[in-house]
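Asks: One structure, pasted below without further comment.
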Amino acid sequence: MSVPELIRIVSRSSPMALAQVERVRQELSVLHPGMRTEVVPVTTSGDRWMGDLAKLGGKGAFTKEVDAALLAGEADLAVHCVKDVPADRPLPAGTTFAAFLKRDDIRDALVHPGGLALDELPQGTRIGTSSVRRIAQLGASHPHLECVPMRGNANRRLEKLAAGEADALLLAVSGLERIGRTDVISEVLPVETMCPPIGAGILTLQCREDDTATIDAVSGLGDPAAFREATAERMLLHVLQGHCNSPIAGFARTGPGGDLSLRACVFTPDGKTVLNAHEWAGPLDPATLGTSVAVALLRQGARELIDNIAH
């Protein structure tokens, strides 16, 4: 296998995105010593727009410009968080996933300047988050807290917290790890308290389908468990036809013996209705497991919940 001398990696220009690219560059340098990598930064419409994401066409707002650079041949590789790649429509024609990296922490963290835990927050505490998934779950478990809209990358949100725009934040543990800010975490929330988004903590590498040299060079970074978990979770989202305003949460887990399980929830935006499903794969392949759990949720009325939410 001849390894390309140079791989150009397209990335959003946010500190988080660049930290993700840095991880890929380091892993590639171990896998292929001597191969060079360079970063092609782009600013996406999702990064520029601070309003409601649905008005921009949802999650694709963070991937569209990255996809364009890849397809135009301006870059060879894109690094995405799986949770940011829409699952209700196929990948852009001519591109493919080449690898899913070993999964990071999938949990959410509470950031409270006074170091309080979630259950200790007094009535009316303002939680900065624009995530429908987090808002619905807080509505179900902690209705006495108030959610205030907050977008922007983690660094920006921490600045807004310091400026008093909210009293506390919910942020992904993996994101805080990537930017070296785990010092601000006052509590890591178990998945039973705050179910993660589909694809949480998994980075995926996207290439042009016909670029076999790059695909071969990076496929060695792939983690089999992350591939199976992402496949099950994305199929669930695909069958549910979830969009960026759908309060859908869930995660697949690979047990000690290699058996895969998938737990998922669909909420109303206020969290007053919660649908739950949890299944083990047994002999099923990951995609069939995702389909099976989605069907279990559809039987409970998930279609109506999702379709009643504007997007």
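Here, each number is a calculation from the coordinates, and none is a lab measurement. No experiment lies behind these values; they were computed from the predicted model shown. Ideal geometry is used to build each Cβ from the backbone, glycine not excepted, and the neighbour counts take in all protein chains shown.
Asks: Given the range 188-227, report the % of alpha carbon pairs whose separation exceeds 17 Å.
Replies: Counting pairs separated by more than 17 Å, the tail of P(r) holds 50 percent.
Asks: I need the fraction of alpha carbon pairs in the range 108-189 separated by more than 19 Å, rounded to a whole percent.
Replies: So the portion of pairs separated by more than 19 Å is 27 percent.
Asks: Report the local net charge at residue 29: Lys and Arg +1, Asp and Glu -1, summed over other residues whose C-beta lies under 13 Å from its C-beta.
Replies: 0
Asks: I've got another one for you. Which one of 287, 252, 72 has the biggest mean-square fluctuation once the chain is modelled by GNM with Cα springs under 10 Å?
Replies: 72
Asks: What does the charge count near residue 287 come to, summing +1 for each Lys or Arg and -1 for each Asp or Glu among other residues with Cβ under 10 Å from its Cβ?
Replies: +1
Asks: I would also like to ask the following. In what sequence do 131, 29, 11 fall when counting other Cβ within 10 Å, fewest first?
Replies: 29, 131, 11
Asks: Next question, about the same structure. Please report the projected area of the range 233-307's Cα convex hull averaged over all directions, in nm².
Replies: Its average projected convex-hull area is 4.7 nm².
Asks: Step by step: find N for the chain, compute 2.2 N^0.38 Å, then divide the Cα radius of gyration by it. What's the final number? The partial results should precede the final answer.
Replies: Numbers: Rg = 19.3 Å, N = 311, 2.2 N^0.38 = 19.5 Å.
Scaled against compact globular proteins, the figure is 0.99.
Asks: For the range 212-227, what does the Karplus curve 6.51 cos²θ - 1.76 cosθ + 1.60, with θ = phi - 60°, yield as ³J(HN,Hα) per residue in whole Hz, taken in order and with x for Gly and Pro?
Replies: Whole-Hz 3J(HN,Hα) from phi for the range 212-227: 5, 5, 5, 4, 5, 5, 9, 4, x, 7, x, 10, x, 5, 5, 4.
Asks: Taking every pair of distinct Cα atoms and averaging 1/r, then inverting, what Kirkwood hydrodynamic radius in Å comes out for the range 174-311?
Replies: 16.5 Å
Asks: Follow-up. Can you put 104, 259, 285 in order, fewest other beta carbons within 10 Å first?
Replies: 259, 285, 104
Asks: Quick one: order 267, 100 by neighbouring beta-carbon count within 10 Å, fewest to most.
Replies: 100, 267
Asks: Express in whole angstrom the spacing between the alpha-carbon centres of the range 3-42 and the range 120-141.
Replies: 36 Å
Asks: Rg and Dmax of the range 141-225, using alpha carbons, in Å: what are they?
Replies: 17.7, 55
Asks: Across the chain, how many lysine pairs separated by 8 or more positions, or lying on different chains, have Cα atoms within less than 15 Å?
Replies: On the way: 55/64; 59/83; 64/83; 83/102.
Here the count comes out as 4.
Asks: Moving on. Once phi is turned into θ = phi - 60°, what whole-Hz ³J(HN,Hα) does the Karplus curve with 6.51, -1.76 and 1.60 give for every residue of the range 18-23, x standing for Gly and Pro?
Replies: Result, ordered by residue: 5, 5, 5, 5, 4, 4 Hz.
Asks: Anyone know which of 257, 290, 114 comes out most mobile in the 10 Å Cα GNM of the chain?
Replies: 257
Asks: Ignoring everything except DSSP H segments at least 4 long, calculate the 222 nm mean residue ellipticity for the chain; use -39,500 (n - 2.57) per segment, divide by total residues, nearest 500.
Replies: Computed ellipticity for the chain at 222 nm equals -9000 deg cm²/dmol.
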